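The structure appears right after this line, and notes come after that.
The values are calculated or read from the model by the stated rules, or taken from the named source; none is laboratory data. Because the structure is predicted, anything quoted here is derived from the model rather than measured. Please note: Cβ atoms are built from the backbone with ideal geometry, for glycine as well, and neighbour counts cover all protein chains shown.
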There are 2 protein chains.
Amino acid sequence: MTIVEDAKAGQITEPMKVVAEVEGLEPEFIRRGIAAGRIVIPTSPYRDVKYCGIGEGLTTKVNASIGASSDIVDIDMEIKKAKAAEAAGADTLMELGTGGDFLGIRKAVCDATSLSVGSVPLYQAFITAAKRDGSIIHMTEDDLWNATEEQAKLGTNFMAIHTGINNIVLDRLKAHGRYGGICSRGGAFMTTWMLHNEKENPLYSDFDYLCEILKEHEVVLSTGNGMRAGAIHDATDRAQIQELIINSECAQKAHDKYGLQVIVEGPGHVPLDEVEMNVKLMKSMSGHKPFYMLGPLVTDISPGRDHIVTAIGAATSASHGCDFLCYVTPAEHLALPNIEDVIEGVKTSKIAAHVGDMVKLGKRDQDLAMGRARRDLNWEKMFNLALDPELARKIRTERASADEDACTMCGDFCAVKIVNQSFDLAK
Amino acid sequence: MTIVEDAKAGQITEPMKVVAEVEGLEPEFIRRGIAAGRIVIPTSPYRDVKYCGIGEGLTTKVNASIGASSDIVDIDMEIKKAKAAEAAGADTLMELGTGGDFLGIRKAVCDATSLSVGSVPLYQAFITAAKRDGSIIHMTEDDLWNATEEQAKLGTNFMAIHTGINNIVLDRLKAHGRYGGICSRGGAFMTTWMLHNEKENPLYSDFDYLCEILKEHEVVLSTGNGMRAGAIHDATDRAQIQELIINSECAQKAHDKYGLQVIVEGPGHVPLDEVEMNVKLMKSMSGHKPFYMLGPLVTDISPGRDHIVTAIGAATSASHGCDFLCYVTPAEHLALPNIEDVIEGVKTSKIAAHVGDMVKLGKRDQDLAMGRARRDLNWEKMFNLALDPELARKIRTERASADEDACTMCGDFCAVKIVNQSFDLAK
């Protein structure tokens, strides 16, 4: 029995209880969400995983993607990044390495964290073919299935799988064209393979077989977003939405027929006025599956500060119902993120997730306590309530005011202090 | 004749022509906007000011506030901050110093920049009284008028003036209470003075006299937001909206009767789902005056990264029609910003302004060019199109890929490169 089948049968299992406890909700709410495909809890038969619920009614979760590229391969560094991301508050990791001994690195990362770890098996399939036969176009169906099984056994327990790039989608892509091309590695690999070989995507044509593998290894299917826009002017184009439709059909089948847990991935580069619509469209198409957004980045022109660009998009998407945010680091579009980038990316996405949850879930208790702590000039309490206590403490301490109640911003003329001394407004 | 009177008389003057040129609009559009009170262009009879239009139909502008406090007084540093803010792209400065020789510092800052410089004259009035008579409650009406005149003559050409805090507002404040108190220094000073002296705010009761001073010295009135919430749970409360109503009445009178240019200030701490409403309410109340938002900060719990919190709020407010953003730096709520904070604050606000303008004005040409430059892997072009070319270049160069077309993120398996080599999608 999969967790979805348990939930449909009315069984409340351990992962549901743990997530209910963490979220402050009834286990029955979690069970119903899983049964309906609106909530997932990644688990694994191969390692102990910290249970983390993703979906409707739950707090917004943050994923940190790491992984070496052909340019930079350093196992120790990847493990450090994994641990740093977890310490910074990431709820899941994706190990997207394509360089060096990427199986060994992935295994080491899975061993080093208690978080759920995601992967993209088609990278491995294509790279295996490229190494073996000289080009990604020689990838075989078996390369895909082997990579999927192999990665599941390493303990990666959710997988981005590009089920939605089929010939119908490529017709839309070719007819419409693109300003920015394709920015998804999976999308680029698979599109190239399909066009060169004049074949349908095996992840689509043999979707049932894929589901059987995922079911056997308890892997959460995250339907990949290979057609996401990599440029604002391609946002919400016909190729992207066609892929969403196909992914949504696959997602429904995986959940209804195979009892799989399913997440649907979304864009990408999206202007601010299209973020809400993208969230609502995805929820409607997919039957309210958990929505995993890669960004969204609301402008193309801020490389170096794309974590901030993403915070704008992600706070908005989360406030409208997005469940799961893939972080973006300051190195996006420029380089492989280093450890500082990973930490900054996670911490920035956590802000966006909270801002979204303030709206989506009305979760504002910590803000209320902070407002009161500020009114009372209770600095210890302010630090403890901060999303990043260490950073807040550092900034204040390095530039301490002569007046220990105030800060150097206003010094003697602290508005809060003046009001507190003059009259009582406190609520 | 004031610029408003010129505009009403159908005269297109030099500042209107300059702003029209910069914005790529017809001078007649600017003239109508000024006549209607929907656009302002701060000018000064005391120094040469770079003309910058603020208001409906124009790009969103960014203000950087600087100024020493009683703890930190360093003229050279303030001048460096002013120059750094201008270099980083600030459209205006506010000099809010309350420490040391704040008149001398303000003069030096005005001399060091071509940007319009704003101030808050009541700080000076209250601090003069405190130094002279031992407490801010001894401030006299003349202290206010003298400070206003004196600061205008230094070349500060827009002023935040707390006209809207009257007895009607204080009744609302007292009846309703506050979780976070009052965070505005001007609001705290004036409220304390009014309650202690049991007197009406002279800036309200003698508003006509104030207008005459501002008119004489060509100062843009920016109606202060002393009742803005300093905590999410006080957002959009009755005191804030009552002040907005009074400020809007004052703004109309200043424009209609005295031919003054007027900006209306707004909050503050505002949850993301109340930002749009605050912008629309302000525009409706004030007859579509230019709206100057202080933030908004969409959560209380991220001290140390409040520039990012503000980017989320400001991008949203600008997209819904906010015209003028006051930056927030990483030091907000913790310390007086240092020069790095000032630069980061400006650059972050510029991102928010652009994201807003993409929606509000459909301004996306630079994004289009960036999308194409990325597709073409034209790195020089990408750097030149970036909001911060230096930062983008630095990140890529420090971690250069072996493949000069790609970057270290994907290395050999660059999605864009794979697609470009395989087929032609280019638009």
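Scanning the range B:153-173 for residues that are of a type in the set (Lys, Arg) and farther than 27 Å from residue B:109 by Cβ yields one hit, B:172.
Residues in the range B:287-329 that are polar (S, T, N, Q), in contact (Cβ under 8 Å) with a residue 12 or more places away in the chain, within 9 Å of chain A (Cβ to nearest Cβ) and in a loop (DSSP other than H, G, I, E, B): B:299 only. Of everything in the range A:238-286 that is outside any helix (DSSP H, G or I) and of a type in the set (Val, Ile, Thr), the residue that is nearest to residue A:319 (Cα to Cα) is A:270.
A quick yes/no check of all residues on (1) crowded, with 21+ Cβ neighbours inside 10 Å; (2) modelled with pLDDT of 95 or more; (3) outside the structural domain of residue A:418 (by TED's automatic domain parsing); (4) within 17 Å of the chain's Cα centre (by Cα):
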site	(1), (2), (3), (4)
A:299	yes, yes, yes, no
A:303	yes, yes, yes, no
A:307	yes, yes, yes, yes
A:319	yes, yes, yes, yes
A:339	no, yes, yes, no
A:345	yes, yes, yes, yes
A:351	yes, yes, yes, yes
A:381	no, yes, no, no
A:391	no, yes, no, no
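Of the residues making up the range A:406-421, just one is surrounded by fewer than 18 Cβ atoms within 10 Å (Cβ to Cβ) and at the interface with chain B (Cβ under 7 Å from one of its Cβ atoms), namely A:412. Could you please let me know if residue B:331 is modelled with pLDDT under 95 and not aromatic (Phe, Trp, Tyr)? Considered against the rule, which asks whether it is modelled with pLDDT under 95 and not aromatic (Phe, Trp, Tyr), residue B:331 comes out as no.
When the range A:392-427 is filtered for residues that are assigned to a helix (DSSP H, G or I), free of Cβ contacts under 8 Å to residues at least 12 places away in the same chain and of a type in the set (A, V, I, L, M, F, W, C), the ones remaining, listed by number, are A:392, A:395, A:413, A:415, A:418, A:419.
The number of residues in the range A:339-364 that are free of Cβ contacts under 8 Å to residues at least 12 places away in the same chain and either closer than 16 Å to residue A:57 by Cβ or more than 7 Å from chain B (Cβ to nearest Cβ) (or both) comes to 2.
Restricted to the range A:365-405, and to residues there that are in contact with a Phe, Trp or Tyr (Cβ under 9 Å, 6 or more places away or on another chain) and more than 8 Å from chain B (Cβ to nearest Cβ), the residue that is nearest to residue B:234 (Cα to Cα) is A:373. In the range B:29-84, the residue that is surrounded by the most Cβ atoms within 10 Å (Cβ to Cβ) out of those that are basic (Lys, Arg) and in contact (Cβ under 8 Å) with a residue 40 or more places away in the chain is B:81.
Which residue is surrounded by the most Cβ atoms within 10 Å (Cβ to Cβ), if the candidates are limited to the range B:262-297 and must be more than 17 Å from the chain's Cα centre (by Cα) and among the hydroxyl-bearing types (Ser, Thr, Tyr)? If we take residues in the range B:262-297 being more than 17 Å from the chain's Cα centre (by Cα) and among the hydroxyl-bearing types (Ser, Thr, Tyr), then B:286 is surrounded by the most Cβ atoms within 10 Å (Cβ to Cβ). Residues in the range A:248-279 that are farther than 12 Å from residue A:236 by Cβ and in contact with a His (Cβ under 9 Å, 6 or more places away or on another chain): A:261, A:262.
Which of the residues belonging to the range B:97-114 are surrounded by fewer than 24 Cβ atoms within 10 Å (Cβ to Cβ) and either touching a residue at least 60 places away in the same chain (Cβ under 8 Å) or not assigned by TED's automatic domain parsing to the domain that holds residue B:349 (or both)? Hits for the range B:97-114 are B:98, B:111, B:114.
Of the helices (runs of 4 or more DSSP H) lying entirely inside the range B:128-227, the ones with 2 or more residues being farther than 21 Å from residue B:242 by Cβ and in contact with a Ser or Thr (Cβ under 7 Å, 6 or more places away or on another chain) are found at B:141-154, B:207-216. Counting the residues of the range B:181-208 that are within 21 Å of residue B:118 (Cβ to Cβ) and more than 24 Å from the chain's Cα centre (by Cα) gives 2. Looking at residue B:13, is it closer than 21 Å to residue A:411 by Cα and either over 19 Å from the mean Cα position of the chain (by Cα) or among the hydroxyl-bearing types (Ser, Thr, Tyr) (or both)? No: the conditions fail for residue B:13. Being in contact (Cβ under 8 Å) with a residue 60 or more places away in the chain, in a loop (DSSP other than H, G, I, E, B) and of a type in the set (A, V, I, L, M) is true of residue B:336.
Of all residue pairs spaced 6 or more apart or on separate chains, those with beta-carbon atoms under 6 Å, a first member in the range A:119-139 that is under 17 Å from residue A:226 (Cα atoms) and a second member that is surrounded by 24 or more Cβ atoms within 10 Å (Cβ to Cβ) and among the charged types (D, E, K, R) are A:119/A:95. Looking at the range A:149-197, which of the residues that are within 14 Å of chain B (Cβ to nearest Cβ) and on the phi > 0 side of the Ramachandran plot is surrounded by the most Cβ atoms within 10 Å (Cβ to Cβ)? Top of the filtered list is A:181. The test for being touching a Phe, Trp or Tyr at 6+ places or on another chain (Cβ under 6 Å) and either farther than 30 Å from residue B:104 by Cβ or part of a loop (DSSP other than H, G, I, E, B) (or both) does not hold for residue B:15.
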